[in-house]
Protein chains: 2
Amino acid sequence: MPAAALTPELELVVARAAAAAPAFAATSPTERGRAIVAVADALEGAKASLVEIAARETGLTEARLTGEVTRTAVQLRLFADTLVHGGYLDARIDPADDDFALGVRPDVRRVLIPVGPVINFSASNFPFAFSVLGGDSASILAAGCPLIVKAHSGHPELSDATAEVAATALRAAGMPEGVFQLIHGREAGVAVLQDPRVRAGAFTGSISVGRLLADLAANRPAPIPFFGELGSVNPVFLTAAAIAERAAEIASGYVTSVSGSAGQLCTKPGFAFVPEDSELPAAIAAAAVDLAEHRLLDPRISRSFDERRQAILSAPGVRPIVEGGIRFDDAGHGWATPTIVAVSLEDFRTSREALVEEAFGPLSIVVETPDGTDLAALVPEFFEGNLTGTLHVSEAEGAGSTANAPALRALVEALSQQVGRVLFNGWSTGVAVTPAQQHGGPWPATTNDTSTSVGTAAITRFLRPVAYQNAPAAFLPLALQDANPLGVPQAIAPAGESRSWGSAATA
Amino acid sequence: MPAAALTPELELVVARAAAAAPAFAATSPTERGRAIVAVADALEGAKASLVEIAARETGLTEARLTGEVTRTAVQLRLFADTLVHGGYLDARIDPADDDFALGVRPDVRRVLIPVGPVINFSASNFPFAFSVLGGDSASILAAGCPLIVKAHSGHPELSDATAEVAATALRAAGMPEGVFQLIHGREAGVAVLQDPRVRAGAFTGSISVGRLLADLAANRPAPIPFFGELGSVNPVFLTAAAIAERAAEIASGYVTSVSGSAGQLCTKPGFAFVPEDSELPAAIAAAAVDLAEHRLLDPRISRSFDERRQAILSAPGVRPIVEGGIRFDDAGHGWATPTIVAVSLEDFRTSREALVEEAFGPLSIVVETPDGTDLAALVPEFFEGNLTGTLHVSEAEGAGSTANAPALRALVEALSQQVGRVLFNGWSTGVAVTPAQQHGGPWPATTNDTSTSVGTAAITRFLRPVAYQNAPAAFLPLALQDANPLGVPQAIAPAGESRSWGSAATA
């Protein structure tokens, strides 16, 4: 597809971002950190008015949205911490070495620099945490890259209001004009993604749209990296011993995880594998009482959920544990209560086509496995890449000393091959924003499973390395100077070969 | 393009690689390190016979090839060092924290794991260092990924002989069968690259072939990362003061860098910008005496060089400093002596189309710039992404205190925006293999400028992160266990928020 020409308005947006790039890259990590904290403060200051708009536009509850603003502000501050720590720069110094294995080694120093302007396509289901000021935006700004946000059509008014908060705070903090801009409309986003001045893209949304955008990014005359966080069904495996130990607790956690935010989370557990004849289905039915009806995000998602739900319910062998339902109001919004169904492994195989695809909304499928099933083998049989995989084990199984320990190890290994995060005795919804977090698994969960969109490691997506060879101190970036004025971690290579392997001489 | 079906022979190759992946990933870093050192030893043990084949197939000199074997063996040992050090695993541990900004933080631990089978397309111009056992292969094996090498058609016999050395050594070191395999033919390589079991590709070669393969990788049903190291013209900027200080030394270094390996290096300086009326052209002419005739790698490269050379010599305003030439033998091989030409900046602008594209072979262009030229502005005017950019300054200029210091800083900044490595007072050929090395610049120098194909950081290309949440110690990878049996660096996050920004409370 040839790149779409920019409208005059979009040309201004991209030109401003490109013009801002050098000055923004030249701001110190501490300056950018302060500016990001100012944005976090401004966001919390505007919480009441923003949540009011968000509730109206998305149908999410005030409690959920209020918590999400807090999460979003904390996330911004964590990136500010990341900047000041400086480890994200991956500063490496190899001092000159006259006694290197291959003769003289020059002085080589390497640091990560911002890639330039980035476009971020917002998500519908997190109007704060994965939208205008969400994790992608925070990591792009923290990296020192001018940000162009493509607003999600599901909450345009909230997007404008949040953008105003951000732009005002960044301006007041002395950041260059043009480091933060908002655009509306898919065509506008597509056109900006293809502009040669834009150097990377980030996206949270469906597999089909994510793939379309990833292909556009890859097929540009100058290809750019594209970080798409797409769909996931997040399988859960529960052992008989775990269920025997705490069926009610597990059932309650499962129902909460499936129904929270009306199931509209990419980490919702879509499948739970339990031993057949287990007491868990009954415990789930008992836990799923008085579940509130919840509006889905928009009419399109509502219709899609309704169709998937009906297809699943009518697949051979599927029986409801929690019937749930969906009704439509006059505006076309669907109002749903959670649906949980059970199916035997045999029927799951037979009805695979109808069942295995993600159902975005409050629905999950319990698969009952015969005694002796090789659980590790089920992972590649039924699933492609996923964000998460979960295992619930008993206390004794967790110690690794039970008879089924090798089978459990094989299952953990199989999950680690297919997912970005393996959880034990917990639920995949509610992703902690921390340095070790990994939110990104093999395709189609993401377009790029070597990176994460949640956690402070997300900043690395918008940086690239540059090495300086024999550079005089006066021309080195601060992070690479011996005097280390920023106080960042510097990995300094030892002289000579660091290790002897007892092998032949290398001279 | 639909994926080509695998021949029965290739099906076996890919199936063996896929079958070997789990066992290879499960080997300890030390076990893999020992195996890689064994390969290095075996390579050096076979040096005499391999160099004899290489000289015959490539036309490169015995001295160059012997040095290249040493470099290749040292490179393998450096990756073994990298494995034992363990920093490449990027192990991160966020202990559980009841007092986190958002409430309870779970225990999250993250490590990099091998991506699975990888195909590496060998280069023609480094029959050892970027071929069967070159830097890409070394980093793929070190990462723990089964390797399928696509031999370069320019040295098939050497490829087979080197592969035999590698496979034998790996087998003797106890590595699983199928971790190292060689295939021949572009169609075979294309088919393997598109197989769903193959998880990444590496390539060194031309922009056109690299782009073709990158597009195939990106457009697979399940896209995979593709690391192509393509073309580069590596501009050099020389100040009047540097030339006044050491014209003869600079001229000699330049001629050596342009003519070494018959100019068939991706880091060859293709352009040197000098002040007009400088004494450098005369010094270059004086340095370029008795330059040996050298066979180019193959007839195709020879013809292409001949055409580029003639086009450059006949462009308006181009005058030879060192005439050089090329003659063809009966087998169609070209034998070249170096050509160096000069052109004014004005004529360079006029003849831009004819001059700016890479001339792969012993040829370089001196561009003479009028007094007061904004050198920083020339970088984006004439060049896309490059592997390297070089600056030669005087001792006083290097101290950063001369009147032109701001202009020099702007030039360094402009270069850092377009290249992967910025050099001072040296030459870009001869890339040190060290932890801080960066060999990869923006498109079209590489398909992925966030990674490097030279230096120990190259291993990261073939790893992806997996996080473990609340995992019992018995199910954690060794690198993430508190007891740290591998002794790898572990980044342990502090409890609570690490920093106070004086902002509003986050609770």
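The values are calculated or read from the model by the stated rules, or taken from the named source; none is laboratory data. Just so we're clear, the structure is a prediction, and the values are computed from it rather than from any experiment. Note: ideal-geometry Cβ built from the backbone for every residue, glycine included; neighbour counts use all protein chains shown.
Only one residue in B:64, B:92, B:32 is within 30 Å of residue B:333 (Cα to Cα) and either at pLDDT 95 or above or of a type outside the set (Val, Ile, Thr) (or both). Which one?
Unique residue meeting the criteria: B:64.
Quickly run through region A:179-207 and pick out the residues that are assigned to a strand (DSSP E or B), modelled with pLDDT of 95 or more and touching a Cys at 6+ places or on another chain (Cβ under 9 Å).
A:200
So, in region B:196-214, of the ones that are among the small types (Gly, Ala, Ser) and in contact (Cβ under 8 Å) with a residue 24 or more places away in the chain, which residue ends up nearest to residue A:444 (Cα to Cα)?
B:200
Among the residues of region A:246-279 satisfying the criterion of being among the β-branched types (Val, Ile, Thr) and within 26 Å of the chain's Cα centre (by Cα), which is surrounded by the fewest Cβ atoms within 10 Å (Cβ to Cβ)?
A:256
Can you find a residue that is at the interface with chain A (Cβ under 7 Å from one of its Cβ atoms), within 21 Å of residue B:271 (Cβ to Cβ) and not in a loop (DSSP other than H, G, I, E, B) anywhere in region B:458-472?
The answer is no, given that none of the residues of region B:458-472 is at the interface with chain A (Cβ under 7 Å from one of its Cβ atoms), within 21 Å of residue B:271 (Cβ to Cβ) and not in a loop (DSSP other than H, G, I, E, B).
Among the residues of region A:465-488, is there at least one that is buried (at least 22 other Cβ atoms within 10 Å of the Cβ) and under 22 Å from residue B:464 (Cα atoms)?
yes
Consider region B:8-41. How many of its residues are surrounded by 19 or more Cβ atoms within 10 Å (Cβ to Cβ), under 18 Å from residue B:176 (Cβ atoms) and among the hydrophobic types (A, V, I, L, M, F, W, C)?
Selection size over region B:8-41: 12.
Within 21 Å of the chain's Cα centre (by Cα), crowded, with 23+ Cβ neighbours inside 10 Å and closer than 20 Å to residue B:43 by Cα: is that true of residue B:147 in this structure?
Criteria met by residue B:147.
Might you check whether a residue that is more than 8 Å from chain A (Cβ to nearest Cβ), on the phi < 0 side of the Ramachandran plot, outside any strand (DSSP E or B) and hydroxyl-bearing (Ser, Thr, Tyr) occurs anywhere in region B:427-435?
Yes.
Quick one: residue B:423 ticks every box in (1) at the interface with another protein chain (Cβ under 8 Å from one of its Cβ atoms); (2) in contact with a helix residue (DSSP H, G or I) (Cβ under 8 Å, 6 or more places away or on another chain); (3) buried (at least 23 other Cβ atoms within 10 Å of the Cβ) bar one, so which box is it?
Going through (1) at the interface with another protein chain (Cβ under 8 Å from one of its Cβ atoms); (2) in contact with a helix residue (DSSP H, G or I) (Cβ under 8 Å, 6 or more places away or on another chain); (3) buried (at least 23 other Cβ atoms within 10 Å of the Cβ) one by one, residue B:423 breaks only (2).
Return the only residue of A:17, A:25, A:40 being of a type outside the set (Asp, Glu), within 11 Å of chain B (Cβ to nearest Cβ) and touching a strand residue (DSSP E or B) at 6+ places or on another chain (Cβ under 7 Å).
A:25
Checking residue A:59 against (1) facing another protein chain (nearest Cβ under 10 Å); (2) on the phi > 0 side of the Ramachandran plot: exactly one of these is not met. Which one?
Condition not satisfied by residue A:59: (1).
Quick one: would you say residue A:176 is free of Cβ contacts under 8 Å to residues at least 24 places away in the same chain and part of a loop (DSSP other than H, G, I, E, B)?
no
Just give me the residues in region B:430-481 being within 10 Å of the chain's Cα centre (by Cα) and small (Gly, Ala, Ser), in sequence order.
If the condition is that a residue be within 10 Å of the chain's Cα centre (by Cα) and small (Gly, Ala, Ser), then B:440, B:441, B:445, B:451, B:453, B:455, B:458 are the ones that fit.
More than 30 Å from residue B:395 (Cα to Cα), surrounded by fewer than 24 Cβ atoms within 10 Å (Cβ to Cβ) and of a type outside the set (D, E, K, R) - does that describe any residue in region B:233-245?
No, the conditions are met nowhere in region B:233-245.
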